[in-house]
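Structure first, commentary second.
The values are calculated or read from the model by the stated rules, or taken from the named source; none is laboratory data. Computed from a predicted model, the values in this text were never measured in an experiment. Here the Cβ positions follow ideal geometry from the backbone for every residue, glycine too, while neighbour counts run over all protein chains shown.
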Amino acid sequence: MTIATRREVSSTLPLVEDDHEQVLIRQDPDTGLRFIVAVHSTVLGPGLGGMRLKRYPGGLREALDDVMGLARTMTLKASAAGLDLGGGKSVMIDDGRTDQREARLEGAARVIESLGGAYITAEDIGTTTADMDYIARFARFVAGRSVERGGLGDPSPVTAESVFQAMRRGLAAATGSADLDGRRVGVVGLGKVGYALATRLVDAGAEVVGCDLDPARGKRLASEHGGEVAPSAEAVMAMELDVLAPCAAGGLIDEALARSLDCSVVAGAANNPLTSRAVARVLAGRGVLYVPDFLANCGGLIHVSREWYGGDDEAELIARAMDRLDRAIETAEAEGATPLEVAERQALERVEAARR
């Protein structure tokens, strides 16, 4: 195991900053486990964030950059949502093998347990509530478990609901109307959250066009809900849309793409969908409102935080987060800034006030 509090960060990922409290890397040759935990901040509380199982073509270096960026985003998300939580995240590198899944999950659980509560894990891309149930056999610091095992179940529908609400707030600010009836919305990624969001949009009267690397998900959307299926993310982003909803992995929109998007609002479930903060400024310069991802997708964190802490009603917590989104959009307009810059500043101010 490697434990570090300072790591060199690639300049190609400017959303990542080298201010994490600790980063742990565990590699186990017996099981093939390659696992990283990043704890960005525990000032407001333990760092709660999901465990991501994902292929990384760039190997450990790419995975490290990803988990550090995600951990910092979780700090922003928890603070912006008004939660007493810090920011943490973990990633397990997927090598395509499934025969060692349980052994690797156990190894990851023991790393999490060794942190003594600085990091609480939950499900994420590539992991499930069943995985969290299994991890809970070896570690205490787990949320996102099944209802049968004392948890609150899958957080994906709640994430989709907060994205839906944020999308409406973004449309209201950008176009003067929050109504989704007749709006054309492109959803990139039809996984657990993206699919739930797409169906919610269809129910609201939106014209949904979606895409996913798994063709079966698109076919299901078309057959069960009447959505349109696009062959690729590039095809969706080339369309004339009212809203673009990135709901897959991060880093989807760079400055070049931001200069060509034809939409009024970008609001989705993906963490860090922009390659840099400068992309939000490019979008704003073209009249496209970017809804800060950590406010749009905070519903899932709110859901699992209630499993850990209990507390207020989910709908009320989401409503408070959407009020903060409204204020960030209004302040950004008054200051000539982007909502992303304002929301991030306000989230970090709350952390700094707690630190003092």
Counting only residues in segment 123-180 that are aromatic (Phe, Trp, Tyr) and part of a loop (DSSP other than H, G, I, E, B), the one farthest from the chain's Cα centre (by Cα) is identified as Phe138
By residue number, the members of segment 101-122 that are surrounded by fewer than 16 Cβ atoms within 10 Å (Cβ to Cβ), assigned to a loop (DSSP other than H, G, I, E, B) and aliphatic (A, V, I, L, M) are none
Of the listed residues (Leu171, Leu244, Leu252), the one being surrounded by 21 or more Cβ atoms within 10 Å (Cβ to Cβ), out of contact with any helix residue (DSSP H, G or I) (no Cβ under 8 Å at 6 or more places or on another chain) and under 20 Å from Thr338 (Cβ atoms) is Leu171
#### Entry: Boolean, Ala270 is in a loop (DSSP other than H, G, I, E, B), among the hydrophobic types (A, V, I, L, M, F, W, C), assigned by TED's automatic domain parsing to the domain that holds Gly170 and at pLDDT below 95
no
Of all strands (runs of 3 or more DSSP E) fully inside segment 1-61, the set with 1 or more residues that are modelled with pLDDT of 95 or more is 22-28, 33-41, 51-54
The correct count of residues that are within 28 Å of Ala332 (Cβ to Cβ) and either of a type in the set (D, E, K, R) or in contact with a Ser or Thr (Cβ under 7 Å, 6 or more places away or on another chain) (or both) in segment 168-205 is 11
Flagged in segment 235-267 as part of a helix (DSSP H, G or I) and of a type in the set (D, E, K, R), in numbering order, are Glu255
Only unsatisfied item for Ala256, checking (1) in contact (Cβ under 8 Å) with a residue 12 or more places away in the chain; (2) of a type in the set (A, V, I, L, M, F, W, C); (3) within 22 Å of Asp66 (Cβ to Cβ), is (1)
Filtering segment 83-96 down to residues that are of a type in the set (Gly, Ala, Ser) and either surrounded by 23 or more Cβ atoms within 10 Å (Cβ to Cβ) or touching a helix residue (DSSP H, G or I) at 6+ places or on another chain (Cβ under 6 Å) (or both) yields Gly86, Gly87, Gly88, Ser90
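Please work out if Ser79 is among the small types (Gly, Ala, Ser), touching a helix residue (DSSP H, G or I) at 6+ places or on another chain (Cβ under 7 Å), closer than 28 Å to Asp19 by Cβ and surrounded by 21 or more Cβ atoms within 10 Å (Cβ to Cβ).
yes
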Listed by first then second residue, the pairs whose first member lies in segment 334-356 and is over 14 Å from Gly45 (Cα atoms), whose partner is assigned to a loop (DSSP other than H, G, I, E, B), with beta carbons under 8 Å and at least 6 positions apart or on separate chains, are Pro339/Val291; Pro339/Pro292; Leu340/Pro292; Ala343/Pro292; Glu344/Pro292
Within segment 33-51, the residues that are touching a Lys or Arg at 6+ places or on another chain (Cβ under 6 Å) and of a type in the set (Gly, Ala, Ser) are Ala38, Gly49
